[in-house]
Amino acid sequence: MYTVAVKRDFVAQHFLIGGDWGAENDHHSHHYVIELQLEGATLDQHGYLVDIVDIEANLDALVAEYRDKTLNDLPAFAGLNPSIEHFSRILCETLSERIAAPNISVLTVKLWENEIAWAAYKLER
């Protein structure tokens, strides 16, 4: 299985709901780092799993939708606690819809909210 990964970083805000999470209940920022990993068993006629330029464009466009926004205010988080678990799933499902590379069988989004904490979501197609 081949794997290609691309990373980006951005700042967004949120506040957690539904429990006593201390300071996390207050509106605050995170410097997120998203790593998109793409996996597949075969390469295309050029010896590539995916066109990295296309992946970068899709990732940049998605990150722009969240950069400097409050996650709680966005439709994707309606009725959800804006945890990194939910956020990693939302990002992964959105990227899966946008990336048309036929060789890709697994997408994984790993989302860091700081230097020590991350969540990931894996989607098989």
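Taken together, the values in this text are just the output of simple stated rules run on the coordinates, not laboratory data. Source: prediction; values computed, not measured. No Cβ is skipped: glycine too gets one built from the backbone with ideal geometry, and neighbour counts run over all protein chains shown.
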Self-check item: Nonlocal amide H pairs with residue 70, under 5 Å, H built at 1.01 Å
Solution: 13
Quiz item: Going by alpha carbons, how many degrees (0 to 90, nearest 10) lie between the helix axis of 52-66 and the longest principal axis of the chain?
Solution: 10 degrees
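Taking 0.36 nm per intervening residue step and subtracting the Cα-Cα distance, what contour gain separates residue 100 from residue 125 on full extension?
Gain on extension, residue 100 to residue 125, equals 7.9 nm.
Given +1 on the Cβ of Lys and Arg, -1 on the Cβ of Asp and Glu, and no further charges, what dipole in debye does segment 72-118 carry about its Cα centre, rounded to the nearest 20?
Around 180 debye, computed over segment 72-118.
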Quiz item: Residue-wise, which Karplus ³J(HN,Hα) couplings in Hz belong to segment 11-26, taking 6.51 cos²θ - 1.76 cosθ + 1.60, θ = phi - 60°, and x for glycine or proline?
Solution: 10, 9, 10, 6, 8, 7, 10, x, x, 8, 9, x, 4, 5, 6, 8
Practice problem: Please report the relative contact order for the chain, taking Cα pairs under 8 Å with a sequence separation of at least 6, and give it as a percent rounded to a whole number. | Solution: 31 percent
Exercise. Mind pulling the angle between the C-alpha long axis of helix 84-98 and the longest principal axis of the chain? Nearest 10 degrees, somewhere in 0 to 90.
Key: 40 degrees
